1. Give Asp93, Asp62 a once-over and let me know the one that is touching a His at 6+ places or on another chain (Cβ under 8 Å) and over 18 Å from Met159 (Cα atoms).
2. Test each condition in (1) touching a helix residue (DSSP H, G or I) at 6+ places or on another chain (Cβ under 8 Å); (2) modelled with pLDDT under 95; (3) surrounded by 15 or more Cβ atoms within 10 Å (Cβ to Cβ); (4) not acidic (Asp, Glu) for Ala34 and report the one that comes out false.
3. Quick check on this structure: which one of Lys256, Lys238 is modelled with pLDDT under 90, of a type in the set (Lys, Arg) and open to solvent by 60 Å² or more (accessible area, probe 1.4 Å)?
4. Check whether at least one residue in the range 271-278 is assigned to a loop (DSSP other than H, G, I, E, B) and loosely packed, with under 12 Cβ neighbours inside 10 Å, and report yes or no.
5. Would you be able to say whether some residue in the range 31-43 is over 17 Å from Leu165 (Cα atoms) and assigned to a strand (DSSP E or B)?
6. Scan the range 69-99 residue by residue and report those that are in a helix (DSSP H, G or I) and open to solvent by less than 90 Å² (accessible area, probe 1.4 Å).
7. Can you confirm whether Leu235 is hydrophobic (A, V, I, L, M, F, W, C), part of a strand (DSSP E or B) and over 17 Å from the mean Cα position of the chain (by Cα)?
8. Cβ-Cβ distance below 8 Å, separation of 6 or more or different chains: which pairs start in the range 242-266 with a residue that is touching a residue at least 12 places away in the same chain (Cβ under 8 Å) and over 25 Å from Pro43 (Cα atoms) and end on one that is in a loop (DSSP other than H, G, I, E, B) and basic (Lys, Arg)?
Amino acid sequence: MSIDTECLLSLNNITYTYDDGTVALADVSLDIYAGQRIAVVGPNGAGKSTLFLTMNGVLTPDCGVITCKGTTIEKKNRKLLRQTVGIVFQEADDQMIASTVLGEVSFGPMNLKLPIAEVRARTDEALAYMNLTGFKDRPPHYLSGGEKKRVSIADVLAMKSDIILMDEPTAALDGKNQSMLEDVLERLWQERKTIMISTHDVDFAYRWADWMIVLCDGHILAVGDPVTVFLNDELLQKASLKKPIMLEMTEYLKEKGLLESGVFPRTPGEYIKNHRGGER
């Protein structure tokens, strides 16, 4: 599926400073297009979470302009931003406010003042999407970590957001739930959602994203495709990033003449397909 040319969200010269004087975002400018899969990487304290909270309208920047679907966002129309951009927090408990899973997932659509039939339809669809229909009467705080993550994703799905932000979504997930998450991300992307993930997992970012944003000390150091970003050793050192294992293997295999120049497989499957001896 190709990336659309429609720009859903623009951040222009955004700066955000916390009360203690910490500049979390410094003159940040970004354009987010429909259909993108974006990984945001950088060290702790780089500004990744602050960027997401600003994009979602939870935080109001000190200066700069946010444009959503061609409309400049101001206090009076901040609802448009929150309808367009959904966020899944790193800690699922930070997102849980209702006494049941059903109440949790229906809370967002109800706040949009939608007809009750539409609220029910959205809630049921989101629960089914995340395989949570049988959990609807359970208290969310008694669920496992993986189940809570599924509920927090269902919260955003019920809002029908065009852009879905996920802050460290693989944190504390076991292998089974990480696979579940990647399956959900693939389904959402096939449905033309724009997905933006902050992560310290460079291997995941390398195989999943088609676009990278590198943040450090509130500044954007680089924007580009994963191969270009992770081949830049100076950038990786400055942003305290490791090179993905798959890319290290690729460079080694090229040195040994086992992989063609210009080929950068991002998964083992792609390597097998491109490996000169793969057809033997």
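The values are calculated or read from the model by the stated rules, or taken from the named source; none is laboratory data. All values derive from a computational prediction rather than experimental measurement. Positions of Cβ are generated from backbone atoms using ideal geometry, with glycine treated the same way; all protein chains shown enter the neighbour counts. For the accessible areas, the whole protein counts, side chains as well, though only heavy atoms, and no ligand, DNA or RNA atoms are used. Shrake-Rupley method; radii C 1.70, N 1.55, O 1.52, S 1.80 Å.
1. Asp93
2. Unmet condition: (1).
3. Numbers: Lys238 fails: modelled with pLDDT under 90.
Lys256 is the lone residue from the list that is modelled with pLDDT under 90, of a type in the set (Lys, Arg) and open to solvent by 60 Å² or more (accessible area, probe 1.4 Å).
4. Yes, there is a match, as at least one residue in the range 271-278 is assigned to a loop (DSSP other than H, G, I, E, B) and loosely packed, with under 12 Cβ neighbours inside 10 Å.
5. Narrowing the range 31-43 to residues over 17 Å from Leu165 (Cα atoms): 43.
Still in the running and assigned to a strand (DSSP E or B): none.
There is no residue in the range 31-43 that is over 17 Å from Leu165 (Cα atoms) and assigned to a strand (DSSP E or B).
6. Asn77, Arg78, Leu80, Leu81, Gln83, Thr84, Ala92, Asp93, Gln95
7. Spelling it out, it is not the case that Leu235 is hydrophobic (A, V, I, L, M, F, W, C), part of a strand (DSSP E or B) and over 17 Å from the mean Cα position of the chain (by Cα).
8. Listed by first residue and then by second, the contacts come to Leu258/Arg276; Leu259/Arg276; Glu260/Arg276.
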